[in-house]
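J.: Quick one: the structure is below, and I'll ask about it shortly.
Bear in mind that the values in this text are calculations on the coordinates, not laboratory data. This one's a predicted model, so the numbers in the text were calculated from it and none came from an experiment. No Cβ is skipped: glycine too gets one built from the backbone with ideal geometry, and neighbour counts run over all protein chains shown.
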Amino acid sequence: MRFVAMGWRQTQTAEALAALLNNDAVRSRDPNVRSEAANSLSMFGTEAIADLVAGCDRDDNWLVSHSLIAPLYDRLPPKIDCQNALLKIRK
């Protein structure tokens, strides 16, 4: 499942995003798999911001949280204002 989650980041289409969000990797018991799903999700840029924030509300594992929050600081293009998204994260 981890490799499936990693594979979705290669195809950045609306269909791939929907498939990733509906994939069992997002709900896996293994935090490493959920973390890879979060990393893949972050590759979808602005389309994924709301899902990254929602993921922080759903998952309190430190590795997953880091994988969800880090892109809002680091990976998304600097022109994107992520401050509002970061303020919504209550942890």
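J.: Got a sec? Which residues in the stretch 12-37 would a label at Leu63 touch, if it sits 7 Å along Cα→Cβ and we count backbone N under 12 Å?
T.: Zone members listed by number: 29-37.
J.: Then there's this: I'd like the Karplus ³J(HN,Hα) series for the stretch 54-60: coefficients 6.51, -1.76, 1.60, θ = phi - 60°, whole numbers in Hz, and an x wherever there's a Gly or Pro.
T.: Each residue of the stretch 54-60 in turn: 4, x, 5, 6, 8, 10, 9 Hz.
J.: Sticking with this structure for a sec: Can you sort Leu20, Leu72 so the residue with the fewest Cβ neighbours within 10 Å comes first?
T.: Leu72, Leu20
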